[in-house]
1. Pull out all pairs, ordered by first then second residue, where Cβ-Cβ is under 6 Å, the residues are six or more apart or on different chains, the first lies in region 213-229 and is within 12 Å of Arg258 (Cα to Cα), and the second is among the β-branched types (Val, Ile, Thr).
2. State whether one or more residues within region 75-97 are in a helix (DSSP H, G or I), closer than 21 Å to Val60 by Cβ, among the hydroxyl-bearing types (Ser, Thr, Tyr) and free of Cβ contacts under 8 Å to residues at least 60 places away in the same chain.
3. Looking at (1) surrounded by 12 or more Cβ atoms within 10 Å (Cβ to Cβ); (2) in contact (Cβ under 8 Å) with a residue 12 or more places away in the chain, can you tell me which one Gly297 breaks?
4. Quick one: which of Glu68, Glu107 is farther than 18 Å from Ala176 by Cβ, of a type in the set (D, E, K, R), in a loop (DSSP other than H, G, I, E, B) and touching a residue at least 24 places away in the same chain (Cβ under 8 Å)?
5. Any residue in region 120-127 that is small (Gly, Ala, Ser), open to solvent by 30 Å² or more (accessible area, probe 1.4 Å) and free of Cβ contacts under 8 Å to residues at least 40 places away in the same chain?
6. Residues of region 128-157 being open to solvent by less than 60 Å² (accessible area, probe 1.4 Å) and part of a loop (DSSP other than H, G, I, E, B), which ones?
7. Criterion first (among the hydroxyl-bearing types (Ser, Thr, Tyr), farther than 21 Å from Asp154 by Cα and open to solvent by 60 Å² or more (accessible area, probe 1.4 Å)) does Thr321 satisfy it?
8. So, in region 200-222, of the ones that are part of a loop (DSSP other than H, G, I, E, B), in contact with a helix residue (DSSP H, G or I) (Cβ under 8 Å, 6 or more places away or on another chain) and farther than 22 Å from Leu238 by Cα, which residue ends up most open to solvent (accessible area, probe 1.4 Å)?
Amino acid sequence: MDLSLIASTFETLRLMPPSKLTLLEAQTLASAHVPPFPPDMPVLLTGVDSVELALQIIKVLLTVYPKEHEVNWVAGQNSKGERLNDFQPSTFEFQRSTYLYIPSLGEGTSFESFAEIVAHLRAPDGCPWDKEQTHQSLRTHLLEEAYETLTAMDANDSDDMSEEFGDLLLQIVLNAQIGSETDSFSMTRVVKGIYDKIVRRHPHVFGDVKLDGVNGVLQNWEKLKEKERGEKKEDKGLLDGVASALPALTQALEYQARAARVGFDWPEVDGVLDKVREEIEEIKQAQNLDEVTDELGDLFFVLVNLARWRKVDAESALRGTNIKFKKRFAYVEHGAKKQGRNLSDMTLEEMDALWNEAKRTGL
């Protein structure tokens with residue numbers, strides 16, 4: 001890397017050299033999937049020596065930067081500014097002395113800058129509320145944000161998802177900051193831990209293991225986790241890693257999925273359907289509340305298994321039905337108000353007529 005060319009590059013661009021700058025050989029992006037640098041800092045890529053490399057760089061940059069973000073190509077005394085989505089490889093000469101200058105995407109666009117403001121919240125001159133928080137006090141907030149994120153995902157609302165993922169990220173970074181202050185763990189340890197786990201559990205991607213489809217991946221995943229438990233000398237079973245705080249439907253699905261990965265499963269879906277019919281009959285024969293409760297639990301469990309066989313997430317399916325019920329019932333309430341009546345004064349047949357009307361409208 002010829003560092004002497006950096007000053008002349010900014011002279012060519014007629015820009016003052018920035019107070020901070022990421023300097024990289026362009027070749028580091030040749031096989032990258034995302035930019036290996038924070039977007040809130042200006043970047044200078046050196047040695048863009050081919051059209052193929054330039055195209056790969058643009059592809060990588062577009063995973064983070066907007067299409068209209070303007071960059072500058074520099075070769076000697078010549079420069080050319082253009083938006084990322086306007087890149088025309090035939091209009092510029094690419095050689096070892098060709099640089100690409102990428103201006104900052106703006107304040108607050110990197111993970112590092114976000115971690116900094118969270119740390120500031122906890123600093124002596126930070127926020128009184130944030131400074132008082134502990135891992136335990138943040139539990140309810142983490143759960144609430146997770147459910148709000150799921151709601152946005154269920155609605156398939158991209159704007160809400162973007163906002164809610166941010167709120168969820170705040171909970172993770174805030175807990176990591178607390179861990180750092182108590183010298184128990186840091187954000188770096190969190191990231192490194194999951195980085196290593198992903199590499200370790202994907203030998204078919206990052207190693208030379210050959211696996212057959214999704215089922216092969218999941219079965220190997222469980223084998224690797226079993227091996228990890230053995231190396232840690234943990235006296236835990238296959239299902240012990242499923243969080244006890246999960247919603248019951250999600251927990252049942254995870255139990256069944258994990259058991260199925262090691263072969264504990266019906267050979268065909270017909271066995272599951274037979275089990276559904278069997279559980280319904282047992283409910284009919286139940287003699288008291290305890291028996292009904294027990295048999296209903298069994299029915300719920302096998303219905304989750306049926307959902308798994310049909311590749312349906314039971315929790316999401318029930319959540320969707322809840323949303324549908326809420327909308328239709330609101331239609332019934334609105335219909336009663338239009339008639340100047342209270343729901344409690346209406347007959348079931350009258351409410352059912354409004355319910356069916358709601359269904360016909362597509363609710």
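The values are calculated or read from the model by the stated rules, or taken from the named source; none is laboratory data. If you're wondering where the values come from, they're calculated on a predicted model, not measured in any experiment. Methodologically, a virtual Cβ is constructed for each residue, glycine included, from the backbone with ideal geometry; neighbour enumeration extends over all protein chains shown. In case anyone asks, the SASA skips ligands and DNA or RNA and just uses the protein heavy atoms, side chains included. Shrake-Rupley method; radii C 1.70, N 1.55, O 1.52, S 1.80 Å.
1. Hits for this filter: Glu222/Val262.
2. yes
3. (2)
4. Glu107
5. No: zero hits.
6. Gln133, Ser137, Leu138, Asp157, listed by residue number.
7. Considered against the rule, which asks whether it is among the hydroxyl-bearing types (Ser, Thr, Tyr), farther than 21 Å from Asp154 by Cα and open to solvent by 60 Å² or more (accessible area, probe 1.4 Å), Thr321 comes out as no.
8. Only one residue fits best here, namely Lys210.
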